[in-house]
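Q: Dropping the structure in here first, questions after.
The values are calculated or read from the model by the stated rules, or taken from the named source; none is laboratory data. Bear in mind that the values here come from a model prediction, so they are computed numbers and not experimental data. Here Cβ is always computed from backbone atoms with ideal geometry, including for glycine, and neighbour counts include all displayed protein chains.
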Amino acid sequence: MRCPEVEPGRRSGGLRWRFWVLALIVSLGVAPALRANPPSLIAGMPAETAFLLGQRMYREGLAPSGEPMQSLVKGEAPILGTVFTCLSCHLRGGLGSIDGDVKTPPINGPKLYELQYWHFPNLTPTERIELGVRSIVRRPAYTDETLAKVLRTGIDPNGREQINVMPRYILADQEMAVLIAYLKVLSSEFSPGVTATDLRFAAVITDEVSPEDRAAMLAPLDNYVAYHNTLSGGFGNRMYKTSGGMAMTLGYRKLSLARWTLKGPPATWTRQLEAYQRKEPVFALLGGISYGSWQPIHAFCEAQQLPCLFPITGLPVISEKDWYTLYFSKGYYQEGQATARYLASQLDPSGDPEVVQIARDTPEGRALSDGFRETWSELGREPVRMVTLKKQVKITPDFLRKTFQPKSPSAVLLWTGADAYPALKAIAKGEGSKSAVYMSSSYLKKELWNLPESARAFTYFTYPYRHPNDEPKYAQFANSLIVGLKNTNNDSKIYTRSYTLIQLLRQALGDLDRNYYRDTLLDVVGGLNDLILPDYERLSFGPGQRYASKGCYIMQLSTGEKPELVKKSSWVIH
Ligand code: HEC
């Protein structure tokens, strides 16, 4: 079908388009589906070019020339299309969003070019009849002409004027053709890992992870998959009208969870992941666990455009722009950040307070000190003294005492394990105790509780979870999904986090309403409201955010044989 917005046979722009392709290929990468068999929708322009230019219009608000698109909101001065892009409102997958009273409709190809109903728009005509659902038409199917008209004038095919939230766009014919061609391919085919009957997932596990920790991550997921697969696909019409019923009936697919176990050095993981993905592609990665950096798996997911939901890792990739991995938090890095925020609220810069960071030369030590340093500088503070401890160097009382000379610093950040305790005990008697010492509870793990009594008064911990006394009433929800799990000790907070992942996934699968597109899965999970869940005080994402928990407590240990954690801060938010 020829797009009527384009002058037929016009070829003179070919060179210019080719220039843009080069520029774009460098910056964007090409959707794998398009490499295979590109349909050409625009005369004189290769499909790949049109796709990348259209994607940039949609996501960044830039016209093919590279200039910002021009948009108009009725009664106001023209605004640049880069202020709000199509993506800001219709989301990356194009299936729309709901914000208060404003419902932003789907604008992916299959929806635009089909007649839409007010009620249960996602049902097919046959299902509508079977289920006896009311079928009042919201609008007829768009054509290229009516679509161009609505984008320029706000008048839809019913002759109705759209609400002002949706801007009107000033677009030349060829620009319009590029945008429309993009909308046509946007979320037009289900993603890999989705079949008519199945949704396939995998969990990545790296070799060093203990059998107990693997089991704690997998048991809730396996139990949920087994439970889901006992449900039947046909619960009848009344069930469909509830969100739970919807997940069970028409959106229903059997779930499977493969294990993608990675062996050997991280440099070889990409190849192993690619082999798993080739053998049996999955819709998304669920959970997963590694004690080391998540970076290689994160990079694989970005490259493959594969969602990865909530891996168990303290060492996520810290990025403002990556899209495909959703993390519970920034891990160790975030504890460093929380320390910077807390200290900035405690130490008056006019008193010229001295802060010293002592960090083990390990991924954890580096993430903690980076998080502190970067946030401290964002807060406008002067750089602090930094001491890096090689792995084999012992922390002796003498070593620590030296840090406290010639005068005790206001704060010493000790990003090490419990091997620092004897030295802390030794300095507790002398000058050292005038400084506040900060340590990471995640780095210390169970050793947290063994801090010598004499060091408790001046030692503080970052604690990125809810207070342990408040936790049981939230963690108990997870019990229904740990049947068969032998070791339910929850210090590691692994099975409770798997439980949280399941709650988010199951709500997302219902909300997806059969729109099985990877980008839409991420749009939906990213848009979930705050839920009451174990471990974290709050989990939520702002637009584009990738780290759900932004909080951390600063705690101290109480005195006595069975110490408790005492909150010294509120849930410090980043
Ligand atoms: C600030 C939010 C916002 C932005 C930015 C935005 N839209 Fe919309 N869009 C809406 C809302 C809200 C509606 C529903 C308007 C109505 O029905 O009255 C809508 C409706 C539409 C429709 C009509 C859908 C239908 O079923 O009739 C199309 C097509 C559309 N937008 C395309 C786009 C494109 C393409 C862009 C970017 C170039 C864009 N929108 C940018 C909010 C937005």
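Q: Please go through (1) hydrophobic (A, V, I, L, M, F, W, C); (2) at pLDDT 95 or above; (3) more than 31 Å from the chain's Cα centre (by Cα) for Ile395 and return the number of the only condition it doesn't satisfy.
A: The single condition Ile395 does not satisfy is (2).
Q: With respect to the numbered conditions (1) near the ligand (Cβ under 8 Å from one of its atoms); (2) under 18 Å from Gly61 (Cβ atoms); (3) out of contact with any Lys or Arg (no Cβ under 8 Å at 6 or more places or on another chain), which one is the sole condition not fulfilled by Lys111?
A: Result: Lys111 passes all but (2).
Q: Could I ask something else about it? Considering only helices (runs of 4 or more DSSP H) fully contained in region 313-429, which possess at least 2 residues that are in contact with a helix residue (DSSP H, G or I) (Cβ under 7 Å, 6 or more places away or on another chain) and closer than 30 Å to Pro296 by Cβ? It would help to see each step written out before you state the result.
A: Details: elements: 332-346, 363-378, 397-403, 421-428.
Counting at least 2 such residues, we get 332-346, 363-378.
Q: Suppose we filter region 299-308 for residues that are surrounded by fewer than 22 Cβ atoms within 10 Å (Cβ to Cβ) and either of a type in the set (A, V, I, L, M) or over 17 Å from Asp519 (Cβ atoms) (or both); how many remain?
A: Adding up the residues that qualify gives 2.
Q: Give region 77-106 a look and list any residue that's more than 10 Å from the ligand (Cβ to nearest atom), in a loop (DSSP other than H, G, I, E, B) and either under 15 Å from Arg56 (Cβ atoms) or among the hydrophobic types (A, V, I, L, M, F, W, C) (or both), or say none.
A: Ala77, Thr82, Leu91, Arg92, Leu95
Rundown of residues vs (1) β-branched (Val, Ile, Thr); (2) within 22 Å of the chain's Cα centre (by Cα); (3) not assigned by TED's automatic domain parsing to the domain that holds Glu212, yes/no style:
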{"residue": "Val412", "(1), (2), (3)": "yes, no, yes"}
{"residue": "Lys429", "(1), (2), (3)": "no, no, yes"}
{"residue": "Ala436", "(1), (2), (3)": "no, no, yes"}
{"residue": "Met439", "(1), (2), (3)": "no, no, yes"}
{"residue": "Ile482", "(1), (2), (3)": "yes, no, no"}
{"residue": "Thr488", "(1), (2), (3)": "yes, no, no"}
{"residue": "Leu505", "(1), (2), (3)": "no, yes, no"}
{"residue": "Arg518", "(1), (2), (3)": "no, yes, no"}
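Q: Take region 148-187 and flag every residue that is in contact with a helix residue (DSSP H, G or I) (Cβ under 8 Å, 6 or more places away or on another chain), assigned to a helix (DSSP H, G or I) and within 7 Å of the ligand (Cβ to nearest atom).
A: Within region 148-187, Leu151, Leu179, Leu183 qualify.
Q: Given the structure, is Ala203 under 30 Å from Thr496 (Cβ atoms) and in a helix (DSSP H, G or I)?
A: Working: under 30 Å from Thr496 (Cβ atoms): yes; in a helix (DSSP H, G or I): no.
Judged against the criteria, Ala203 is not a match.
Q: Anything in region 510-521 that is farther than 12 Å from Phe283 by Cα and part of a helix (DSSP H, G or I)? List them, or say none.
A: Result: Gly510, Asp511, Leu512.
Q: Then there is this: Pick from Lys279, Lys321, Lys241, Lys254: which is modelled with pLDDT of 95 or more and either more than 28 Å from Gly551 (Cβ to Cβ) or loosely packed, with under 15 Cβ neighbours inside 10 Å (or both)? Show your work before the answer.
A: Details: Lys321 fails: modelled with pLDDT of 95 or more; Lys241 fails: modelled with pLDDT of 95 or more; Lys254 fails: modelled with pLDDT of 95 or more.
The conditions single out Lys279.
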